[in-house]
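Peer 1: Below is one structure. I have some questions about it.
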DNA sequence: TTGACTATACCGACCAGACGGTATAGTTAT
DNA sequence: ATAACTATACCGTCTGGTCGGTATAGTCAA
């Protein structure tokens, strides 16, 4: 068995638990069981629960920014970063892009365990605001698009669905269009 | 003492704990201490932690919808419900409207304790979507405004600030304007 | 008026179980 | 052999919840 997969397996197990059973059940025993190893094995990889959640946060920030950058590159032009943010935040339902689950789960876990652990995510805000500001489109418009995207995924992370699938798609299209059309 | 004040005192204490110390520290002992009574006294009013959080959720839904309705009435005309939603979600920083704290705290507490407890909030989505749809303005536009408002307060509930105070005000103004101007 | 009884509000000691974390011995791959 | 990894047993603490009890105020028949 590929040994280095273990750490990732642990993180994914932790994400699943948060998403399906709630932060309160994110216990070391539960994570170990879900990842298919013992608590001792889990602690070997992550010294403490805090370390585990910190790793989830790192993974989330890195994977999210990578996905934004990936979309931005195969797009280009004014507004491409904003569009990347939207696409990275709101992958097509049913797509294989499961990185989004990590984002939700990690943030919820951090918030649930200790609000201070949200810091790594909060720390990226300034950089993202700067990216929006210099994206070649109206900065206020870019920020509105970004916030609406946040509104969707954050609601969905809570299990709340502000719009059914069909309408959701139209909303995402509208957000992407707002980054292109100079009028509205 | 006015007996029913106690229940409110308990709920407010619980909100404060969630907001300042995190869900993990929302224990019955902590709530009782913060509300100025014993655990026995707390349990007398709310049979279990679950019941306490359910009460927080009820309070949140009722108070939020009341605030939306309040704003809508003293406004009127097309888009007034959408504007009410924005104003109820995003009170001026420093205003005495602390109802928003209840919304954040209750949702976080529910999510932290058991995701299923978010249900009372999720259940209102359809009604809100209907209100947006029949608000006299472009429904898609109304939904985008609502989602952006959600994006702001949900970020802030996590302790994340996507925009500094000055820019935040401009964003809120832009959202309100979007419910009035037929163009964009 | 008085005494029996009830309802409401609250107290705080206590308990069983769960939790994060430690210790340590064992296993496997190189 | 050694380092990477895993399993099991265990510990102290904390948590949600229980339970027996107290205090006060009100009702009501005699």
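Peer 1: Consider only pairs whose beta carbons are under 7 Å apart and that are at least six residues apart or on different chains; among these, list those whose first residue lies in segment B:149-178 and is within 7 Å of chain A (Cβ to nearest Cβ) and in contact (Cβ under 8 Å) with a residue 24 or more places away in the chain and whose second residue is outside any helix (DSSP H, G or I) and surrounded by fewer than 18 Cβ atoms within 10 Å (Cβ to Cβ).
Peer 2: So the pair list comes out empty.
Peer 1: Any residue in segment A:68-78 that is within 14 Å of chain B (Cβ to nearest Cβ) and touching a residue at least 12 places away in the same chain (Cβ under 8 Å)?
Peer 2: We begin by selecting, within segment A:68-78, every residue within 14 Å of chain B (Cβ to nearest Cβ); these are none.
Among the residues of segment A:68-78, not one is within 14 Å of chain B (Cβ to nearest Cβ) and touching a residue at least 12 places away in the same chain (Cβ under 8 Å), which makes the answer no.
Peer 1: Conditions: (1) assigned by TED's automatic domain parsing to the domain that holds residue A:169; (2) farther than 30 Å from residue B:19 by Cα; (3) more than 13 Å from the chain's Cα centre (by Cα). Residue A:68 meets all but one. Number of the miss?
Peer 2: It is condition (3) that residue A:68 fails.
The rows are residues; the columns are (1) near DNA strand C (Cβ under 9 Å from one of its atoms); (2) within 14 Å of chain A (Cβ to nearest Cβ); (3) in contact (Cβ under 8 Å) with a residue 40 or more places away in the chain; (4) crowded, with 16+ Cβ neighbours inside 10 Å.
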position: B:5; (1), (2), (3), (4): yes, no, no, no
position: B:8; (1), (2), (3), (4): no, no, no, no
position: B:14; (1), (2), (3), (4): no, no, yes, yes
position: B:26; (1), (2), (3), (4): no, yes, yes, yes
position: B:31; (1), (2), (3), (4): no, no, no, yes
position: B:39; (1), (2), (3), (4): yes, no, no, no
position: B:45; (1), (2), (3), (4): yes, no, no, yes
position: B:49; (1), (2), (3), (4): no, yes, yes, yes
position: B:56; (1), (2), (3), (4): no, no, yes, yes
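Peer 1: Follow-up. Would you check if there is a residue in segment B:32-55 being more than 11 Å from DNA strand D (Cβ to nearest atom) and under 20 Å from the mean Cα position of the chain (by Cα)? Give the steps one after another, and end with the answer.
Peer 2: Filtering segment B:32-55 for residues more than 11 Å from DNA strand D (Cβ to nearest atom) gives B:34-37, B:45, B:54-55.
Those left that are additionally under 20 Å from the mean Cα position of the chain (by Cα): B:54-55.
Among the residues of segment B:32-55, at least one is more than 11 Å from DNA strand D (Cβ to nearest atom) and under 20 Å from the mean Cα position of the chain (by Cα), which makes the answer yes.
Peer 1: Can you tell me which residues in segment B:154-183 are within 19 Å of the chain's Cα centre (by Cα) and assigned to a loop (DSSP other than H, G, I, E, B)?
Peer 2: Result: B:158, B:159, B:160, B:161, B:162.
Peer 1: Still on this structure, I have one more. Select from segment B:128-146 the residues that are surrounded by fewer than 23 Cβ atoms within 10 Å (Cβ to Cβ) and within 28 Å of residue A:105 (Cβ to Cβ) and list them in ascending order.
Peer 2: Correct list: B:128, B:129.
The values are calculated or read from the model by the stated rules, or taken from the named source; none is laboratory data. These numbers come from a predicted model, not from an experiment. Cβ sites come from the backbone with ideal geometry, for glycine too, and all protein chains shown count toward neighbours.
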